[in-house]
Each structure stands twice: as C-alpha cells, then as structure tokens.
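Before any comments, here is the structure.
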C-alpha cells in the first residue's frame, strides 16, 4: 500500500505538470503567431498529446479520490443489497473494460513499433503509452475499490454535497 501511495502522489504531480503544459502550449502558439508572426510547428499535436496524457494518467487518481460519476442520487433510491450488488458489478465491469484497454493498447504498440506520428514524428509507442499505463493504473484502482467494497460487505454510503 505504501508503494501505491507513492504512485498516486507521483501521478498527481505528473497530472499537474501536464495540465500546466496543456495551458502553456496553446498560449505559446498564440504568442509566437500573434506577436512574432512565427507559428509553432506541431503545437496542436503537442497540446493534443498533453491532453491525452493528462486524461489517461489522471483517471486513476480521480477514481481513487471518488471523482468519477457514480449517480449516487439514483443509487440512494435502491435498497442496501441491490446497491451493494450494483457497486460490485460496476467495479467488475470496470476492471474488465480497463484490462481490455490495457491489452488492446499493448498489442497496438507492439504492432506499430516502427511507426511515428505525422507532425512531430513522435514514436508511436510514446504516443500510445499513456493509454497503456493509464489503463493499468485504472485496473489497479478499480480493483482496490472492489476489494474495499467487498471487505465492507455493504455499499458505500456517499452523498453528493452541492455548494
């Protein structure tokens, strides 16, 4: 668990850096084009890459923090047993889905090791890497949620507070 806590801390820091890069890249493109009349070649592709990295890498941290959409209000209308079964089912389906993404991403990388992106000529494995790493992290976090729910033996009592 200590290793997982360190990984979560690293993911959070990496996500913050990626968010900053996602903001700075288009800003730099605007400044270069608007002020110096010199467009940055590949800025759009780079910004898209930062967005992909941020989305896939931060998803596991968001899952851990309970930030995924859970439709808690609708679940609150269900009885405790049904809610427990629903939460376990959602976690199991999530694990299967993220594991499928992981395997598909790894196979895609293996089959395209010699390819690269068009504009930046980025190696394909680097471009697809966030999908594979993010999916693996989501499998781990969703499995941890499933284990937590299963050990409790009852559904999580969460209520959304709007402020």
Legend entry - Conditions (1) without any contact (Cβ under 8 Å) to a residue 40 or more places away in the chain; (2) loosely packed, with under 13 Cβ neighbours inside 10 Å; (3) under 24 Å from residue 140 (Cα atoms): number failed by residue 66: (1)
Legend entry - Residue, modelled with the lowest pLDDT, within segment 153-163, restricted to residues that are under 15 Å from residue 82 (Cα atoms) and out of contact with any helix residue (DSSP H, G or I) (no Cβ under 7 Å at 6 or more places or on another chain): 157
Inset, instruction - Mind telling me which of the residues 152, 110 ends up being free of Cβ contacts under 8 Å to residues at least 24 places away in the same chain and surrounded by 12 or more Cβ atoms within 10 Å (Cβ to Cβ)? - result: 152
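Can we say residue 90 is without any contact (Cβ under 8 Å) to a residue 40 or more places away in the chain and either surrounded by 18 or more Cβ atoms within 10 Å (Cβ to Cβ) or in contact with a helix residue (DSSP H, G or I) (Cβ under 8 Å, 6 or more places away or on another chain) (or both)?
Numbers: without any contact (Cβ under 8 Å) to a residue 40 or more places away in the chain: yes; either surrounded by 18 or more Cβ atoms within 10 Å (Cβ to Cβ) or in contact with a helix residue (DSSP H, G or I) (Cβ under 8 Å, 6 or more places away or on another chain) (or both): yes.
It is true that residue 90 is without any contact (Cβ under 8 Å) to a residue 40 or more places away in the chain and either surrounded by 18 or more Cβ atoms within 10 Å (Cβ to Cβ) or in contact with a helix residue (DSSP H, G or I) (Cβ under 8 Å, 6 or more places away or on another chain) (or both).
Give the residue, chosen from 98, 56, 84, that is farther than 24 Å from residue 155 by Cβ and buried (at least 18 other Cβ atoms within 10 Å of the Cβ). I'd like the intermediate steps shown before the answer.
Values: 98 fails: farther than 24 Å from residue 155 by Cβ; 84 fails: farther than 24 Å from residue 155 by Cβ.
Criteria check complete, one pass: 56.
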Inset, instruction - Could you give me the residue pairs with C-beta distances under 6 Å whose first residue belongs to segment 28-39 and is at pLDDT below 90, whose second residue is surrounded by 10 or more Cβ atoms within 10 Å (Cβ to Cβ) wherever it lies, and which are 6+ apart or on separate chains? - result: 38/32; 39/33
Inset, instruction - Within segment 113-122, work out how many residues are exposed (fewer than 12 other Cβ atoms within 10 Å of the Cβ) and free of Cβ contacts under 8 Å to residues at least 40 places away in the same chain. - result: 3
Inset, instruction - Go through segment 7-43 and give me each residue that's out of contact with any helix residue (DSSP H, G or I) (no Cβ under 7 Å at 6 or more places or on another chain) and under 18 Å from residue 62 (Cβ atoms). - result: 7, 9, 10, 13, 16, 17, 20
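The values are calculated or read from the model by the stated rules, or taken from the named source; none is laboratory data. The structure displayed is predicted, hence computed values, not measured ones. Note: ideal-geometry Cβ built from the backbone for every residue, glycine included; neighbour counts use all protein chains shown.
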